[in-house]
Amino acid sequence: MSEQKGDSAMSVNYCVTCGAPMEKRTIDGVERRACTAEACGAVHWGNYSIGVGALVRRNGQILLVRRAQEPGKGNWTIPGGYIEQLEPIGETVVREVLEETGVQSSVVGIVALRDQPRSVHNVYIAFEMEYISGEPVPDGVEVDAAGFFSLEEQRTMKVAGFTEWLIDAALNKKSDGMRKDELQVAPGSANEFYRL
């Protein structure tokens, strides 16, 4: 990674662990920011965000929400959001659907992934969800409309291009996707494992 103008990884000036100044240091052949305090040694590995999206189907229709905020204000998308630091990703996607729409759902598996390298490197994981209960009601903050829509109805709506791709990936998948492995690989841990 070469330092680029405006590269947020290179703009970290103080250690978030101990508050000491950070310096440029080459670690494993990559230029990074590292703490100057000998007792600390923290390394800033970069800025990352992990987003999730939920493909919830009911009676041949897909749950969509209309974004009330930028980016993408006015576009129809699948419900979703970002994981919290200590939250298992399966809980995140269930929570986001419930918060944005009031719909109860559960994880079936992972059907798609988008990798978006940029100053805050974003990974977006799309989940196939099972509808459990509830009628869609928008939260009035992040989304101003919500409902289940057929593909035909979606043709007349302002559906975001990425959402169209995700729906196609879910409806035309070539396998069952990645499913949660219920076997505890590391008993007592909070880890979640998904496999084909």
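The values are calculated or read from the model by the stated rules, or taken from the named source; none is laboratory data. Just so it is clear, the structure is predicted and the values come from calculations on it, not from any experiment. All Cβ positions, even for glycine, are placed from backbone atoms using ideal geometry, and neighbour counts span all protein chains on display. These area figures cover heavy atoms from the full protein model, side chains too; ligands, DNA and RNA do not enter into them. Shrake-Rupley method; radii C 1.70, N 1.55, O 1.52, S 1.80 Å.
Each residue of region 14-24 was assigned a 3J(HN,Hα) from its phi angle through the Karplus expression (A = 6.51, B = -1.76, C = 1.60, θ = phi - 60°), giving 10, 5, 6, 8, 10, x, 6, x, 9, 9, 6 Hz with x at Gly and Pro. Taking each residue as 0.36 nm, the span from SER150 to SER119 lengthens on full extension beyond its C-alpha to C-alpha distance by 7.5 nm. Per residue, the chain reaches -4000 deg cm²/dmol at 222 nm when only DSSP H runs of four or more residues are counted, each adding -39500 (n - 2.57).
Within the accessible surface of the chain, defined with a 1.4 Å probe on protein heavy atoms only, the carbon and sulfur portion equals 51 percent. Where both bridge residues fall in region 4-129, DSSP classifies roughly 75% of the beta bridges as antiparallel.
One chain, two ends: THR17 and ALA190. Fully extended at 0.36 nm per residue, the span grows by 59.9 nm beyond their Cα-Cα distance.
Each Lys and Arg adds +1 at its Cβ and each Asp and Glu adds -1 at its Cβ; summed about the Cα centre, the chain shows a dipole of about 480 debye.
Below 8 Å, C-alpha to C-alpha, sequence gap of six or more: please give me the relative contact order for region 58-196 in percent.
Details: 232 pairs, mean separation 39.7, N = 139.
About 29 percent, as a whole number.
Against the chain, whose longest principal axis comes from its Cα atoms, helix 89-101 is set at around 50 degrees. If you take all other residues with their beta carbon under 10 Å from the beta carbon of GLU91, and give Lys and Arg +1 and Asp and Glu -1, the sum is -3. 3J(HN,Hα) along region 162-174: 5, 5, 4, 5, 4, 5, 4, 4, 6, 7, 10, 5, 9 Hz, from the Karplus curve 6.51 cos²θ - 1.76 cosθ + 1.60 with θ = phi - 60°, whole Hz, x for Gly and Pro. Taking every alpha-carbon pair under 8 Å whose residues sit at least 6 apart, region 1-141 reaches a relative contact order of 21 percent. Taking only the C-alpha atoms of region 11-92, the Rg (one decimal) and the largest Cα-Cα distance, Dmax (whole number), read 19.9, 60 Å.
Take 16-27, 152-163 and order them by the average number of nearby Cβ atoms within 10 Å per residue, most first; the result is 152-163, 16-27. Our summary of shape: the Cα atoms of region 12-57 have principal axis extents of 54, 25, 16 Å, ordered from largest down, in whole angstrom.
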